[in-house]
Amino acid sequence: MTQQLDAATIEKIGQYDSEKRFQYCVKEVVANREIWILVDQDGCVMLNTEDEDCVPVWPNQEFAQAWATGDWQECQPEAISLNKWHSRWSHGLEDDELSVVVFPNADQEGVIVFPDEFDFELKKQAQKR
């Protein structure tokens with residue numbers, strides 16, 4: 001179970017550039033053994049860029065919840081266990097030719113990677129523990 005983040009921590013992490021947020025996300029996901037997405041009545045929400053259709057992921061509930069505004073105000077954050085991510089989500093996203101946008105914030109897109117690249121980074125981080 002993840003520890004709740006205080007406002008100062010959220011503010012500080014929100015200032016990180018996309019690469020630093022990517023590294024933070026990988027470490028948090030491995031440490032907490034869960035990854036956060038946003039869902040609505042139709043399932044997982046997606047972002048569309050010029051080149052990719054992406055599933056956005058966040059390291060903590062608070063950051064996912066912060067995206068549930070505007071068109072996404074009906075969305076709810078949902079945790080996926082790291083085991084379930086590795087066993088089902090990565091392969092499913094690859095099969096559907098979707099990418100992962102890691103820890104997007106309101107100002108920056110976030111790092112876009114293929115699911116197998118994200119898995120590799122998560123497993124590499126897990127070996128460091």
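Every read-out reported here was derived from the displayed coordinates using simple, explicitly stated rules and does not represent laboratory data. Every value quoted in this text rests on a predicted model; they were computed, and no experiment measured them. Counting neighbours? That spans all protein chains shown, and the Cβs are built from the backbone with ideal geometry, glycine included.
Relative contact order for the chain: what percent, with Cα pairs under 8 Å and sequence separation of 6 or more?
Values: 190 pairs, mean separation 37.4, N = 129.
Reported relative contact order: 29 percent.
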Fill in the blank from the handout: Fraction of alpha-carbon pairs in the chain farther than 17 Å apart, rounded to whole percent, equals 55 percent
Fill in the blank from the handout: Charge tally for neighbours of residue 101 with beta carbon under 9 Å away, counting Lys, Arg as +1 and Asp, Glu as -1, is -2
Fill in the blank from the handout: A student asked for the Cα radius of gyration and Dmax of region 1-47 in angstrom ought to give 12.6, 34
Exercise for the section: Could you name the lysines whose alpha carbon sits less than 24 Å from that of residue 20, not counting residues in the same chain fewer than 8 places away? Expected result: 12, 123, 124, 128
Handout entry: Label point 7 Å beyond Cα of residue 129 along Cβ direction - residues of region 13-42 with amide nitrogen under 12 Å
Key = 26-35
Exercise for the section: May I ask you to compute the full-extension gain from residue 51 to residue 117, defined as 0.36 nm times their residue separation minus their alpha-carbon distance, rounded to one decimal in nm? Expected result: 22.0 nm
